[in-house]
Amino acid sequence: MLYVTTLTIALPKILTQSFVVSELAITHEQRLQHQLRSISIEVLAHGKTIGSGVLLHRQQQVYTVVTNAHVIQAASAPFQLRTHDGQIYATALIAPPTGQNRDLSILRFKTKRTYAVAKFATASPKIGDRVWSAGFPLISDTDVPEPPKAVRRLNTVSGQITHILPIAISGGYRIGFDRAIRKGMSGGPMLDRSGELVGINGVHANPLWETPEILENGSTVSDALQEKISNSSWAIPIEYVKSYARL
């Protein structure tokens, strides 16, 4: 006669709790990665990636995208935008608001396809907050055009906010954080733990050519602040972006 028994092993409660916490952390990280991929845009000029952008807004079939002004100024028209699914769209560069000199540029494109857009942060970021930044690093400086649908690998970094300046650096940069972004990630999104857009990347740490920074009120920074600026990456806060894009 065959007897079948069931063996039950009771794991310590602390082990099961640790497993659940770990699994939740992975799920949260995956959700943030998905959000970053969905709203991140490659900015192209003549078929070559020149920087990154963020899907900000949709009105019927028209999408609004933000990038950095220095990304646009470093190339020449015509510009195009490549979405996460590999589609490339012609884009129109929108004139900046009168009197605005922040390091931002707004572009628009039209499509019947549906794309996710960023959710704006509802709370102001604080020093110590964890943030996630993303963008498309430049691989080479060759003039050879890329294949039509060769979507670059999105690069993401996470770190902590280390500085929030009372007066922005020239260009609108107020949020400093402790993880290096790479050339090409300018214009990409910075999300908080809730997956909300708190800023736009634009300045990487330890630039090759360091020049004294000037604040938006025209004053120069102290040597101590200059060192902090040089050792941090910087983002433009979302409230500046919304004002600039008239959203």
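Read-outs: derived from the displayed coordinates by stated rules, not from any lab. Since the structure is predicted, the reported quantities are computational estimates derived from the model, not experimental observations. With ideal geometry, Cβ positions are generated from the backbone for all residues, glycine too; neighbour counts draw on all protein chains shown.
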Quiz prompt | Phi-based couplings in Hz for segment 108-121 (Karplus 6.51, -1.76, 1.60; Gly and Pro marked x) | solution = 9, 9, 10, 7, 7, 6, 9, 10, 5, 10, 5, 9, 6, 4
Quiz item: Given H placed on each backbone N at 1.01 Å, which residues far from residue 170 in sequence or on other chains put an amide H within less than 5 Å of it?
Solution: 214, 215, 216
Exercise. Quick one: order 175, 164 by neighbouring beta-carbon count within 10 Å, fewest to most.
Key: 164, 175
Exercise. Would you mind getting me the FRET efficiency between residue 246 and residue 123? Use the beta-carbon distance for r and R0 = 25 Å, nearest 0.05.
Key: 0.65
Quiz prompt | Cut-off under 5 Å, modelled amide H: who pairs with residue 196 long-range | solution = none
Quiz item: With respect to the cross-link table entries 126/183; 48/110; 48/242; 183/228, which display a Cα-Cα separation exceeding 23 Å?
Solution: 126/183; 48/242
